[in-house]
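> Structure in structure tokens, see below.
The values are calculated or read from the model by the stated rules, or taken from the named source; none is laboratory data. Predicted, not measured: the structure shown is a model, and the values here were computed from it. Cβ placement follows ideal geometry from the backbone for every residue including glycine, while neighbour counts extend to all protein chains displayed.
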Amino acid sequence: MITNLPEPNEFKNLSIQYLAQAIDHIFKTELAISPAALVSSFGDLDEEWDSRQGVLGNSLIMLFLSIENFFKYEVSTQDPLELLTDESRDKIDSPESYDFETLYLLGLDDLVSKYKKIDVKSLSGSALTMLEELRVSRNKFTHGLHRELIKPNYIVEVIAEYLTDIWTPTWISEFREVMLTEPLYGLFNEDEENMQLLQYYKFFEDYLSQRKFKKLIGMPLEGRRYLCPHCQENAIESGSVLDAKYACLEPNESDSTEVHCWLCHGYAEIERESCQEQSCPANVIYPTDSYKLHTSNTCLTCGSEQSN
Ligand SMILES: [Zn+2]
Ligand SMILES: [Zn+2]
């Protein structure tokens with residue numbers, strides 16, 4: 001018999017922690033080399049990365065582990081014993097007891113095959129190709145002589161495809177729970193998390209095409225983007241250099257009177273009036289709000305305050 005069977009969520013938690021590390025290896029290294037990346041752009045440091053292949057290799061390995069544990073999670077929700085290799089499965093009927101942790105588990109290829117057999121789960125051809133290429137790159141890095149340079153944009157693209165097509169945009173709320181935040185002046189927990197996520201959004205947005213970025217965070221592909229009055233208030237309050245421009249009209253129609261934010265997932269009532277700034281053609285205004293110091297009565301396109 002087999003004892004000490006795992007809970008599926010243990011694999012999911014591992015997967016998220018590895019994901020956070022895969023991202024942070026690139027994100028934090030770029031910020032350390034060039035703190036201005038937050039204002040200018042991430043992803044402009046190709047030469048710097050040539051001499052930091054070890055960091056990218058670690059990121060790649062963490063990403064592989066994240067994906068492997070994601071599939072372990074999915075397969076174990078059916079039955080944790082499904083994770084065992086054939087040899088280890090022989091122990092199931094043994095009179096002796098074996099601790100699950102001491103047994104051999106399936107590798108990524110077999111996990112993917114089992115995943116595809118679960119009802120309603122499927123993987124696109126491009127996702128399968130991505131997984132195969134990742135497996136090869138990771139093997140080259142762990143066993144090889146590192147003859148080929150790894151580029152950060154390759155890893156970021158794979159992370160985005162994994163999160164968009166395999167995990168789906170629910171990854172954000174799960175990621176939030178393991179994300180490490182630093183205390184920010186005047187903000188509470190969830191707002192601090194949003195400000196940390198804002199930096200990750202900027203990171204992904206700089207690396208990816210607009211279309212891929214929007215799919216990654218679940219935002220509609222069409223339609224203008226607006227400042228979120230809640231997140232922008234927090235961004236200014238905490239001294240961020242970033243604009244929290246991840247809100248869209250909800251519904252996405254020309255006469256809508258509400259915006260929905262894809263960072264905090266909050267809503268805000270807005271007024272459809274022309275911005276008083278001459279150079280700004282927009283007509284989405286956040287009305288007077290005595291709870292907000294910075295975004296009360298402002299245009300959600302250019303951020304300028306409106307006179308009454
Ligand atoms: Zn928001
Ligand atoms: Zn304006």
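> Considering region 202-230 alone, what residues qualify as being small (Gly, Ala, Ser) and touching a Cys at 6+ places or on another chain (Cβ under 8 Å)?
The answer is Gly223, and nothing else.
> Mind checking which residues of region 152-167 are at pLDDT 95 or above and either of a type in the set (A, V, I, L, M) or within 14 Å of Glu133 (Cα to Cα) (or both)?
Tyr154, Ile155, Val156, Glu157, Val158, Ile159, Ala160, Glu161, Tyr162, Leu163
> Would you mind finding the one in Asn69, Asn58 that is farther than 26 Å from Lys91 by Cβ, polar (S, T, N, Q) and part of a helix (DSSP H, G or I)?
None of the other options fit; the residue is Asn58.
> Still on this structure, I have one more. Got a number for residues in region 134-153 being in contact (Cβ under 8 Å) with a residue 12 or more places away in the chain and under 25 Å from Tyr73 (Cβ atoms)?
Of the residues in that region, 6 qualify.
> Which ranges mark the strands (runs of 3 or more DSSP E) fully within region 192-308 that have 2 or more residues being within 16 Å of ligand 2 (Cβ to nearest atom) and surrounded by 16 or more Cβ atoms within 10 Å (Cβ to Cβ)?
Those strands (runs of 3 or more DSSP E) span 247-249.
> Looking at Leu31, Leu19, Leu5, Leu65, which is the one that is under 21 Å from Arg176 (Cα atoms), aliphatic (A, V, I, L, M) and surrounded by fewer than 19 Cβ atoms within 10 Å (Cβ to Cβ)? Walk me through it before giving the result.
Numbers: Leu19 fails: surrounded by fewer than 19 Cβ atoms within 10 Å (Cβ to Cβ); Leu5 fails: under 21 Å from Arg176 (Cα atoms); Leu65 fails: surrounded by fewer than 19 Cβ atoms within 10 Å (Cβ to Cβ).
Being under 21 Å from Arg176 (Cα atoms), aliphatic (A, V, I, L, M) and surrounded by fewer than 19 Cβ atoms within 10 Å (Cβ to Cβ) holds for just one of Leu31, Leu19, Leu5, Leu65, which is Leu31.
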